[in-house]
Amino acid sequence: MTNDDVLDEFRAAGALREGHFVLSSGLHSPVFLQKNLVFMRPERCARLCKALAEKIVATVGQPDVAVSPAVGGIIPGYETARWLNVASIYVEREGGAFKFRRGFHLEPGQKVVMVEDIVTTGLSSRECIAAIQAAGGDVIAAACIVDRSGGKVDVGVPLVSLCSLEVPAYPADALPPELAAVPIEDPGSRRLKG
Ligand SMILES: O=P(O)(O)OC[C@H]1O[C@H](OP(=O)(O)OP(=O)(O)O)[C@H](O)[C@@H]1O
Ligand SMILES: O=C(O)c1cc(=O)[nH]c(=O)[nH]1
Ligand SMILES: [Mg+2]
């Protein structure tokens, strides 16, 4: 799948949004990929994750298990694992840090692919990878549907992205005037309380 094929799936789902968004990282952006509108369609999610699974195997070989960071990573992680024919488990935040819960665990040295939905700063990916390594996993790659950094982020392991975009994102105190003039939407969940 090309970048354009992936973006066509987002466009067809009405998931390529323009406006003024505050991302999970706190950065502001004129573009938001509302991936939930893509993943809510099993056939759309399957097309993307099949292609991601093939790219993972072609790049780093076959993993033993897929691990995703909740919440956004769970659906693409599960679907990618289905095409890889491996188990899919996830970490979730407990007191702010990613933890394995619900009986999920890794065997020592298991080859893990960390599957994210969207990568912007890579913070969520790095935190998830750290949790996997602390649990004894060997993270052979990170993977995501869309890398908004255009390949610039370093998550400490090879990053396999199905689509690589360079989308502008600005700190709150450095907004271009045309973006500052647009009312803010805050669609992410990392900073939600209660
Ligand atoms: O590369 P980053 O700067 O970390 O941004 C991308 C992360 O932000 C979103 O998750 P979010 O924190 O909104 O939480 P959620 O997955 O629980 O919705 C998305 O699912 C990625 O995990
Ligand atoms: O950086 C994010 O939080 C983010 C960006 C984006 O385009 N889509 C998303 O779901 N999260
Ligand atoms: Mg997330």
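Scanning the stretch 33-57 for residues that are of a type in the set (A, V, I, L, M, F, W, C) and within 17 Å of Val71 (Cα to Cα) yields Leu33, Leu37, Val38, Phe39, Met40, Cys45, Cys49. Apart from one condition, Pro63 fits all of (1) crowded, with 19+ Cβ neighbours inside 10 Å; (2) more than 14 Å from the chain's Cα centre (by Cα); (3) not in a loop (DSSP other than H, G, I, E, B); the exception is (3). Here the condition is being at pLDDT below 95 and either touching a strand residue (DSSP E or B) at 6+ places or on another chain (Cβ under 6 Å) or assigned to a strand (DSSP E or B) (or both); of Gly77, Gly109, it holds for Gly109 alone.
Scanning the stretch 113-136 for residues that are more than 12 Å from ligand 3 (Cβ to nearest atom) and open to solvent by 10 Å² or more (accessible area, probe 1.4 Å) yields Arg126, Ala130, Ala131, Gln133, Ala134, Ala135, Gly136.
None of Arg17, Arg47, Arg82 is more than 30 Å from Pro171 (Cβ to Cβ), in contact with an Asp or Glu (Cβ under 9 Å, 6 or more places away or on another chain) and surrounded by fewer than 22 Cβ atoms within 10 Å (Cβ to Cβ) except Arg47. No other residue among Ala70, Ala12 is without any contact (Cβ under 8 Å) to a residue 60 or more places away in the chain, within 30 Å of Asp138 (Cβ to Cβ) and either touching a helix residue (DSSP H, G or I) at 6+ places or on another chain (Cβ under 7 Å) or surrounded by fewer than 20 Cβ atoms within 10 Å (Cβ to Cβ) (or both) apart from Ala70. For the stretch 46-69, a residue qualifies if it is closer than 23 Å to Gly14 by Cα and either touching a strand residue (DSSP E or B) at 6+ places or on another chain (Cβ under 9 Å) or within 14 Å of ligand 3 (Cβ to nearest atom) (or both), and the qualifying residues are Leu48, Cys49, Ala51, Leu52. Here the condition is being touching a Lys or Arg at 6+ places or on another chain (Cβ under 9 Å) and within 22 Å of Arg126 (Cβ to Cβ); of Ile74, Ile89, it holds for Ile89 alone. Listed conditions (1) over 23 Å from Leu33 (Cα atoms); (2) hydroxyl-bearing (Ser, Thr, Tyr); (3) within 14 Å of the chain's Cα centre (by Cα) are all met by Thr80, apart from (1). Within the stretch 109-141, restricting attention to residues that are within 16 Å of ligand 2 (Cβ to nearest atom) and touching a helix residue (DSSP H, G or I) at 6+ places or on another chain (Cβ under 8 Å), the residue that is farthest from Lys35 (Cα to Cα) is Val115. Please tell me if Ala180 is more than 17 Å from Met114 (Cα to Cα) and open to solvent by 30 Å² or more (accessible area, probe 1.4 Å). Yes: the conditions hold for Ala180.
Quick check on the stretch 122-137. Is at least one of its residues of a type in the set (S, T, N, Q) and either part of a strand (DSSP E or B) or free of Cβ contacts under 8 Å to residues at least 40 places away in the same chain (or both)? Yes, some residue in the stretch 122-137 is of a type in the set (S, T, N, Q) and either part of a strand (DSSP E or B) or free of Cβ contacts under 8 Å to residues at least 40 places away in the same chain (or both). Of all residues assigned to the stretch 27-40, at least one qualifies as being in a strand (DSSP E or B), farther than 23 Å from Gln133 by Cα, within 16 Å of ligand 2 (Cβ to nearest atom) and of a type in the set (A, V, I, L, M).
The values are calculated or read from the model by the stated rules, or taken from the named source; none is laboratory data. It should be emphasised that the depicted structure is a prediction, and the values quoted were computed from it without experimental measurement. Positions of Cβ are generated from backbone atoms using ideal geometry, with glycine treated the same way; all protein chains shown enter the neighbour counts. Accessible surface areas use protein heavy atoms only, side chains included; no ligands, DNA or RNA. Shrake-Rupley method; radii C 1.70, N 1.55, O 1.52, S 1.80 Å.
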